[in-house]
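Everything below concerns the one structure shown next.
The values are calculated or read from the model by the stated rules, or taken from the named source; none is laboratory data. Here the structure is a predicted model, which means the values were calculated and not measured. Heads up, the Cβs are rebuilt from the backbone with ideal geometry, glycines too, and the neighbour counts pull from every protein chain shown. The accessibility values were calculated without ligands, DNA or RNA, using every heavy atom of the protein model including side chains. Shrake-Rupley method; radii C 1.70, N 1.55, O 1.52, S 1.80 Å.
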Amino acid sequence: MKNTIKNSKKGILMVTLFATLLSFANEAKLFNIKNEAKKTSLTLNNVKQGNLLSVKDAFGITLYKEVIQETGSYTKGFDLTVLPNGDYLFELDKDLEINTIPFTVKSSIVSFNKDKETTIFKPTVRVEGDLVFVSKLTLEGNPLNIKVYYTEKGSTNSDLIFSEDIENTKIIERKFKLENQELGSFKIVILSEGNEFIKYIKS
């Protein structure tokens with residue numbers, strides 16, 4: 001049984017984003033935006049090697065992505081004016097959180113709204129023997145859904161054995177006991193703030 005979020009859109013818009021490595025910068029803020037006529041300069045601070053930077057459209061389709069190669073801070077220039085009119089965002093996927101920087105393109109003019117910038121804290125899943133501890137911080141008390149699937153050894157079918165919707169809670173903590181772990185595997189799916197997080201627990 002699959003539980004995935006799918007976004008469909010007729011046709012695939014192939015967009016070439018002009019990305020040029022510029023000089024490094026050291027600033028206290030997480031990021032800095034410098035918007036010029038045909039180039040948007042995005043500076044990210046305190047990033048780590050392996051972080052993922054993406055540009056996504058309003059449908060959640062990834063138009064550009066790259067894995068950060070060096071720890072520290074860096075600046076890249078993007079020609080966002082080539083994008084069709086619409087809403088987009090930069091997304092920085094880090095170890096424990098996801099930062100989003102929304103922007104709008106209209107008639108080749110790029111504008112950013114700092115009030116809509118968000119930080120999403122990722123859930124943590126810790127396994128100790130046959131116990132699983134799930135915790136998640138959501139400062140706005142946004143809803144969260146947890147699903148647990150079980151798959152017997154030798155089978156390709158997954159059964160939903162637990163599901164819970166949690167609302168209006170800033171600090172979420174749950175504990176699960178895994179039964180028959182030696183006879184199969186578990187998949188924990190957490191849906192929160194438009195993101196899907198998956199943890200596999202095998203015997």
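Which one is nearest to ASP165 (Cα to Cα), of the residues in the range 181-195 that are outside any helix (DSSP H, G or I) and not aliphatic (A, V, I, L, M)?
Looking only at the range 181-195, we keep the residues that are outside any helix (DSSP H, G or I), and these are 184-195.
With not aliphatic (A, V, I, L, M) added as a condition, the list becomes 184-187, 192-195.
On the way: GLY184: 25, SER185: 23, PHE186: 19, LYS187: 17, SER192: 10, GLU193: 13, GLY194: 14, ASN195: 15 Å.
Ranking the candidates gives SER192 first.
Tally up the residues in the range 85-110 that are open to solvent by less than 60 Å² (accessible area, probe 1.4 Å) and assigned to a strand (DSSP E or B), please.
As a first pass, look at the range 85-110 and keep what is open to solvent by less than 60 Å² (accessible area, probe 1.4 Å): 86, 88-94, 97-105, 110.
This time we only want the ones that are assigned to a strand (DSSP E or B), so: 86, 88-93, 97-105, 110.
Selection size over the range 85-110: 17.
When the residues of the range 36-66 are narrowed to those that are open to solvent by 70 Å² or more (accessible area, probe 1.4 Å) and assigned to a strand (DSSP E or B), which ends up nearest to GLU193 (Cα to Cα)? Steps first, answer last, please.
From the range 36-66, those open to solvent by 70 Å² or more (accessible area, probe 1.4 Å) are 36-38, 46, 48-49, 58-59, 65; that's our starting set.
Those left that are additionally assigned to a strand (DSSP E or B): 46, 65.
On the way: ASN46: 24, LYS65: 20 Å.
Within the range 36-66, the match that is nearest to GLU193 (Cα to Cα) is LYS65.
Could you tell me whether GLY184 is of a type in the set (Gly, Ala, Ser) and without any contact (Cβ under 8 Å) to a residue 60 or more places away in the chain? So that I can check it myself, show each step before the final result.
Values: of a type in the set (Gly, Ala, Ser): yes; without any contact (Cβ under 8 Å) to a residue 60 or more places away in the chain: yes.
Yes, satisfied.
Quick check on LYS106: is it charged (D, E, K, R), farther than 22 Å from SER192 by Cβ and modelled with pLDDT under 90?
Numbers: charged (D, E, K, R): yes; farther than 22 Å from SER192 by Cβ: yes; modelled with pLDDT under 90: no.
Taking the combined requirement at face value, the residue does not satisfy it.
Show the residue pairs meeting these rules: Cβ distance below 9 Å; 6+ apart or different chains; first residue within the range 50-74 and closer than 16 Å to THR104 by Cβ; second residue assigned to a loop (DSSP other than H, G, I, E, B) and basic (Lys, Arg).
Final answer for the pair search is ASP57/LYS9; PHE59/LYS9.
Can you find a residue in the range 129-139 that is in a strand (DSSP E or B), basic (Lys, Arg) and touching a Lys or Arg at 6+ places or on another chain (Cβ under 9 Å)? If you could, list the steps in order and put the result at the bottom.
Taking the range 129-139 and keeping what is in a strand (DSSP E or B), we get 131-137.
Checking the rest, the ones that are also basic (Lys, Arg) come to 136.
This time we only want the ones that are touching a Lys or Arg at 6+ places or on another chain (Cβ under 9 Å), so: 136.
Yes.
Filter the range 149-170 for residues that are in contact with a strand residue (DSSP E or B) (Cβ under 7 Å, 6 or more places away or on another chain) and either of a type in the set (Ser, Thr, Tyr) or within 13 Å of LEU191 (Cβ to Cβ) (or both); which is most open to solvent (accessible area, probe 1.4 Å)?
Out of the qualifying residues, it is ASP165.
Determine, yes or no, whether VAL189 is among the aliphatic types (A, V, I, L, M), farther than 30 Å from GLY72 by Cβ and more than 19 Å from the chain's Cα centre (by Cα).
In short, no.
Of the numbered conditions (1) closer than 25 Å to LYS202 by Cα; (2) at pLDDT 90 or above; (3) over 17 Å from the mean Cα position of the chain (by Cα), GLN181 satisfies every one except a single condition; which is it?
Every listed condition holds for GLN181 apart from (2).
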